[in-house]
1. Post the alpha-carbon centroid distance, the stretch 153-199 to the stretch 314-357, in whole angstrom.
2. Considering only protein heavy atoms, what per residue accessible area in square angstrom results for the stretch 38-108 with a 1.4 angstrom probe?
3. State, as an integer percentage, the relative contact order of the chain based on alpha-carbon contacts under 8 Å between residues 6 or more apart.
4. Residue 43 to residue 167: FRET efficiency via 1/(1 + (r/R0)^6), r the Cβ-Cβ distance, R0 45 Å, to the nearest 0.05?
5. Accessible surface of residue 364 in the full protein assembly, 1.4 angstrom probe, to the nearest 10 Å²?
6. Find the all-direction average of the projected area of the Cα convex hull for the stretch 389-495, expressing the result in square nanometres with one decimal place.
7. What is the list of residues in the stretch 271-288 whose amide nitrogen lies under 20 Å from a point 7 angstrom out from the Cα of residue 148, following Cα to Cβ?
8. What are the radius of gyration and Dmax of the stretch 425-547, computed over its Cα atoms and given in Å?
Amino acid sequence: MTVNGHEYPPAAKMQIPGVSWLASWFTGGSGNTNKKDADRHIVMALLSPITLILLLLAILLAEATRKHRSPLQAVTGPPISSITSLVLKWHEFRADRTGYIHQLHQRYGPVVRIAPNEVAFASPAAVKEIYGSGGSGYDKTEFYDLFTVFGRRTMFTTLNKQDQHARRKRILADRYANANVLRPESVSGITSRARALAQRLVSGDLSYFLARSKHVVRPLLTHLDRCLLYALALHSYAFDCVTNHLFHPHGSHSLERSLDEDVMREVTFDDSLHNRLVQYYCPTFHRLVNKALRLIAKPRETPLADKFVASSCSTTNASRFTLLSRLQDRSGDDIDGVDIKAECLDHMAAGIDTTGDALCFLMWEISQPRSLRFQRMLQDEIRKSPSAPAESLPFLDAVIHEGLRCFPAIPMSLPRYVPQGGRSIDGYFIPGSTIVSCQAYSVHRLDEAAFPMPDEFNPERWLEERGAAKRNRLFFAFSSGGRGCVGKHLALTEMRMALREIYSQFTTVPDPTMTEDMMVMAHQPISSRPKGQICLLRMIPSNEKSS
Ligand code: HEM
């Protein structure tokens, strides 16, 4: 055939190099044997493991070069971070993401690249831009999908800030306003639970605890006197206070009733970190191997808590200050029965470990010989003003702030997407869709001008006027801005009431069976708890001398 003056063979005779033998296999044609062998060798070579490995390396190199050329290249960090997120994920699986990122901050400064598409910040400018930019579009990442409840998104798990979140927050926020938390009916619920806490701590009723604790060897405890504090009681207190705020008069009384304590334990002893990480990073694999996986990595399941919330939500006479009454008022308005249960379960869970562990770490710290001086100062202030409102005691507030600074209940990164078009954060241009975050643990420690000797517990730093504005800007325990902790005023009120009740009557010192290692912060999917999951303190009535 002739085309444009050139002679071409008929189409049937044209050969594509390397596949002629394939064609002949399929067509049954004989073809030239030598040519066939040569083509076969070419294909075999192409499919050989060495070629495939080289191809894979070439793809990885191309990908690495692409990432290396990204605007994030300007951000310092370990070289591996610009190529792969595997190191970061490895630390996540070891429940050590926060510690790893903090080490990187110490080495590289307040801006550090932690993965090809992820940057961590720890400066006030970054906190303001990412979390405080008033609805300008730093949405939550899919990490929060792990916390959906009954398949629904709650205020905490909505990703889109401007639209979905703002709508839900408008409905709920006033129930958590300080004025509502400080209503007499609400305060009297918290006060009575603070009394029950002090009572429980000295009652010596450890039988229930001993029967179930996996974490302490029974003989260790038999010699202990009855003046013990254990972390569980603080979690019970937080549980009873938050359910009071959600459901009063149908709140829990886990400090007095073991059935209610079972509900609290189910929520608190959550060991689902690994299961949730597999779900987050490999959702399809998670679905396929779910049954086998649960044998080695427990999923999050809370049947008792679900039942408790469902039964509380079915009541119709919740007090006006409660969240339930507001949700029921607005039922039908974007919110159905499942949303109500999901929102309540979510707030209940959000209010237990956070406040419980914050109190636990704080009381552990002020019981140490190095901090007993601060415990004395606290006791003096409380005893001098027995009838003053708890929120008017400056040293009490300083102690709580310092506790939350050193041991933030949520110490880890709160991941957000940079809006489309990119943003300038702390002097760096960060492209849209990059994951950015700040973690309280580092924000509270990195700037040594604001927090000299940052690892030391020193409440007096909060009483100094000089530098107060910067310290406050860097206080990130409750996050900040539109998606900051809605339960902040409730949590602070609970902490004030508990500490006032306890330190007006007792001095606390660590029990000799405790070691520092048991109180190392162990990171869970979102919050953090003492590694030993127990905190034993001796409660010495104030008229006795500590030994
Ligand atoms: C010391 C105690 C507490 C600490 C340190 C704390 C800390 C935080 C932090 C850091 C966030 C932001 C999380 C994120 O962006 O991923 C948050 C959000 C939230 N917290 Fe708390 N929290 C505490 C107590 C409570 C309590 C008692 C409640 C009670 C109801 C609560 C309910 C919530 C809710 C609903 C959100 C989601 C807010 C939103 O997205 O608009 N928290 N909390």
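The values are calculated or read from the model by the stated rules, or taken from the named source; none is laboratory data. All values reported here derive from a predicted model rather than from experimental measurement. Neighbour counts run over all protein chains shown; Cβ positions are idealised from the backbone, glycine included. Side chains included, ligands, DNA and RNA excluded: accessible areas come from the protein's heavy atoms. Shrake-Rupley method; radii C 1.70, N 1.55, O 1.52, S 1.80 Å.
1. 9
2. Working: 4770 Å² over 71 residues.
Ligands and nucleic acids excluded, the figure is 67 Å² per residue.
3. On the way: 795 pairs, mean separation 106.4, N = 547.
Computed over the chain, the figure is 19 percent.
4. Details: r = 59 Å, r/R0 = 1.32.
After rounding to 0.05, the efficiency reads 0.15.
5. Residue 364 has an accessible surface of roughly 10 Å² with all protein chains in place.
6. Values: hull surface 30.5 nm².
So the Cα hull casts an average projection of 7.6 nm².
7. Answer for this model: 272-288.
8. 18.6, 62
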